[in-house]
Amino acid sequence: MSFEAIQQKEHAYVMQTYGRTPIAMDHGKGVMCYDVDGKEYIDMTSGIGVNALGFADPAWMAAVTEQLGKLQHISNIYYTTPCIDLAEMVCQKSGMKKMFFGNSGAEANEGVIKAARKYSFMKYGKGRSTIISLQNSFHGRTMASLTATGQDAYHNYFFPFVEGFMFATANDIEDTLGKMTSDVCAIMMEMVQGEGGVVPLDMAYVQAVAAACKEKDILLIVDEVQTGIGRTGSFFAFQQFGIEPDLVSCAKGLGGGLPIGGVLFGEKTETALVAGDHGSTFGGNPVVCAGALEIMKRLDDAFLADVAEKGKFLKEELLKLPHVVSVDGMGLMLGIALDVDAKTVISKCAEEGLLVLSAKTKVRLLPPLVISKQELEKAILVLAKVLKNV
Ligand SMILES: *Cc1c(COP(=O)(O)O)cnc(C)c1O
């Protein structure tokens with residue numbers, strides 16, 4: 001099928017909710033992927049931070065296919081070992097106490113919101129259910145996670161939104177502490193605002209909010225859906241901020257390309273939910289969890305140090321390119337501010353065989369965590385060529 005035929009059929013039958021790039025992808029291997037015409041691309045998107053090990057990683061595929069032939073799904077009314085082993089490894093790597101499995105980032109955020117409200121209700125009763133999130137945040141597309149998303153552009157059409165959400169200004173300590181009043185049960189934040197334009201929070205801000213949370217028994221929720229699972233050079237980004245969150249949501253990179261979301265519970269919240277409070281038919285699926293376990297095994301200290309090192313190298317090289325105003329982010333989650341139009345640069349990159357993302361007005365890079373230095377150099381050369389000619 002030609003690209004034009006694919007596009008026509010998509011327009012005819014698929015709900016038009018995405019502004020797609022005019023490329024139809026066919027297959028991939030490692031960091032490279034190929035469209036239906038056989039054109040090769042270096043992938044610096046990893047499916048928006050999902051394919052941590054790139055395409056078709058042999059060990060991940062083996063883990064997934066072996067489990068597929070054993071038990072592809074069984075209800076959560078029975079025990080299965082892949083999700084239990086995965087929960088153990090994620091807890092050990094993060095210092096969190098318990099894990100709940102869902103299927104996406106938005107769903108993980110529904111989970112943290114429910115857990116925070118129940119914790120507060122059981123301890124303080126009604127009237128202490130407000131959740132603060134930050135301006136410019138992104139937490140997902142379901143009704144509650146959309147309400148929590150601190151961007152006006154998302155708050156249209158779908159009225160009424162969920163009650164009990166309030167917004168504070170990121171990196172403004174005074175504003176945020178002032179909003180932590182007696183009706184508030186939790187505050188939710190991304191350590192680096194991803195969809196908001198790759199905007200990292202300040203260390204002093206995060207620590208001040210964390211200290212106020214402890215003092216007032218307001219739960220600290222960290223949305224690690226994009227920043228988690230090695231992306232920023234530590235297992236979770238919050239581990240670089242010297243804080244201990246009460247609830248953490250994760251998803252994107254956790255499954256290496258298969259759908260999964262996770263809620264992590266700290267000491268305060270580890271008994272917040274009981275049988276019947278929350279659940280998911282597909283959550284903890286054994287095939288997805290078997291693949292995720294392979295990722296956990298790979299993400300040791302040396303792997304994470306390598307991610308941090310490659311991120312530093314990439315940032316330094318990007319800063320040498322023409323039209324680059326600044327480079328923000330952590331590890332292999334970087335946003336490039338340009339003095340030329342990012343959208344033009346992104347489509348020129350695709351023409352030249354390099355896939356990159358946007359985030360607000362920036363070019364965003366989220367390469368597979370396994371990308372080699374040589375592959376990074378190749379990508380930088382393409383970007384340099386594009387920037388020289390815009
Ligand atoms: C992508 C993202 C989400 C939503 O995840 P979905 O899997 O698309 O539901 C939530 N929070 C953050 C920080 C994200 O980057």
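Taking the criterion of being under 22 Å from V327 (Cα atoms) and buried (at least 18 other Cβ atoms within 10 Å of the Cβ), the residues of segment 172-196 that qualify are M189, E190, M191, V192, Q193, G194, E195, G196. So, Y154, is that one more than 26 Å from V199 (Cα to Cα) and either free of Cβ contacts under 8 Å to residues at least 60 places away in the same chain or away from the ligand (no atom under 12 Å from the Cβ) (or both) or not? Answer is no for this residue. Would you confirm, using the coordinates I've provided, whether G150 is within 18 Å of Y205 (Cα to Cα), within 18 Å of the chain's Cα centre (by Cα) and in the same structural domain as P259 (by TED's automatic domain parsing)? Answer is yes for this residue.
The residues of segment 46-85 that are polar (S, T, N, Q) and surrounded by fewer than 22 Cβ atoms within 10 Å (Cβ to Cβ), listed by number, are T65, Q67, Q72, S75, N76, T80, T81.
For V222, state whether it is free of Cβ contacts under 8 Å to residues at least 40 places away in the same chain, assigned by TED's automatic domain parsing to the domain that holds M180 and within 16 Å of the ligand (Cβ to nearest atom). Here the answer is yes, as V222 does meet what is asked. Inspection of segment 45-54 identifies no residue that is away from the ligand (no atom under 16 Å from the Cβ), in a helix (DSSP H, G or I) and not assigned by TED's automatic domain parsing to the domain that holds L254. Against the numbered list (1) in the same structural domain as E195 (by TED's automatic domain parsing); (2) farther than 22 Å from S280 by Cβ; (3) buried (at least 22 other Cβ atoms within 10 Å of the Cβ), Q92 comes up short only at (3). Which of the residues spanning segment 95-110 are touching an Asp or Glu at 6+ places or on another chain (Cβ under 9 Å) and of a type in the set (S, T, N, Q)? Across segment 95-110, the qualifying residue is only N109. Looking at segment 259-276, can you tell me whether even one residue there is more than 19 Å from M122 (Cβ to Cβ), within 13 Å of the ligand (Cβ to nearest atom), surrounded by fewer than 24 Cβ atoms within 10 Å (Cβ to Cβ) and not hydrophobic (A, V, I, L, M, F, W, C)? Scanning segment 259-276 turns up at least one residue that is more than 19 Å from M122 (Cβ to Cβ), within 13 Å of the ligand (Cβ to nearest atom), surrounded by fewer than 24 Cβ atoms within 10 Å (Cβ to Cβ) and not hydrophobic (A, V, I, L, M, F, W, C).
Restricted to segment 236-256, and to residues that are more than 12 Å from the ligand (Cβ to nearest atom) and buried (at least 24 other Cβ atoms within 10 Å of the Cβ), which residue is farthest from R128 (Cα to Cα)? Residue satisfying both the conditions and the ranking: G256.
Taking the criterion of being in contact (Cβ under 8 Å) with a residue 24 or more places away in the chain, surrounded by 11 or more Cβ atoms within 10 Å (Cβ to Cβ) and over 19 Å from S347 (Cα atoms), the residues of segment 2-30 that qualify are I6, H27, G28, K29, G30.
If the condition is being polar (S, T, N, Q) and assigned to a helix (DSSP H, G or I), then segment 95-141 contributes N109, S120. Selection of first residues in segment 325-341 that are at positive phi and of second residues that are surrounded by 22 or more Cβ atoms within 10 Å (Cβ to Cβ) and among the polar types (S, T, N, Q), restricted to Cβ pairs under 7 Å at least 6 apart or on distinct chains, gives the following pairs, ordered by first then second residue: G331/T232.
The values are calculated or read from the model by the stated rules, or taken from the named source; none is laboratory data. These numbers come from a predicted model, not from an experiment. All Cβ positions, glycine included, derive from the backbone under ideal geometry; neighbour counts span all protein chains shown.
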